[in-house]
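Report on one structure; see the data block that follows.
What follows is calculated from the coordinates using simple rules that are stated; it is not laboratory data. Worth saying up front: this structure is predicted, and the values here are computed from it rather than measured. Note: ideal-geometry Cβ built from the backbone for every residue, glycine included; neighbour counts use all protein chains shown.
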């Protein structure tokens, strides 16, 4: 159901205790925080960083947009940042909505309008023609803006002929998952977290994040180091 690409790791950080999602999307933050809840890292979004720029998604690709978000945000706020770009791809529509998924109907984040436009564009398409997949690219940048990891996850399904369910967000009420015979809008959040494109991308990043958390915990804090010196 899901597929992933490899990460591109670089030198592990010596201090990694907070990861900032380069977004103000509360639903994405909640999903990311739940996916990483077992790791000793604080996961926050940009709501606490008024100086963070509104990054223009001008790269034209998922990986390009995710990189822009991670790099520009990290440089602006001096924190470890995760830039994420995701969307829905329908091969029968030439890859649309693609990188324009959030603004497919013209207004950013208008899920109802985006879903309605998608259904109009797919009128008359049947069977395999309704095949689609979600894609998520996640890029991590260090506080200087250097890219240290990148991962891609995909989740395959079909577009239903009408919205089903009230859960999730985006195109979830239309994204029918053959394995369960339901849309993401109908499935419990725990199921989506296990099989979504975002979960697949984070699964690739998880080993690196775990290593970085362990490395950060192994580095003594300035207070403890000073105390050790006094005792010596």
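For this structure, a couple of remarks:
- Spin-label zone in the range 49-68 - amide nitrogen under 20 Å from a point set 7 Å from the Cα of residue 103 along the C-beta vector: 52-68
- If both residues of a DSSP beta bridge must be in the chain, then about 85% of such bridges are antiparallel.
- Residue 217 versus residue 18: modelled label distance in nm, points set 7 Å from Cα along the beta carbon direction: 2.0
- The C-alpha atoms of the chain define a longest principal axis, and helix 62-77 lies at about 30 degrees to it.
- FRET efficiency for the residue 131 to residue 54 pair, using the beta carbon distance and R₀ = 35 Å, is estimated at 0.55.
- Candidates 96, 138, 218: whichever shows maximal mean-square fluctuation once the chain is modelled as a Gaussian network with Cα springs under 10 Å: 218
- In the set [x] 15.5; [y] 13.6; [z] 22.7, the label that goes with mean projected area of the Cα convex hull in nm² computed for this structure is [y].
- Axis of helix 111-121 versus longest Cα principal axis of the chain: the two differ by about 40°, to the nearest ten degrees.
- With Cα atoms, 0 to 90° folded angle of helix 26-35 axis to the chain main axis: 70
- Length gained when the stretch residue 30-residue 146 is fully extended (0.36 nm per residue, less Cα-Cα span): 39.2 nm
- For a label point 7 Å along the Cα-to-beta-carbon line of residue 117, residues of the range 162-199 with backbone N under 19 Å: 162-163, 169-175
- Mean-position separation - Cα centroids, the range 142-158 and the range 69-108, in angstrom: 11
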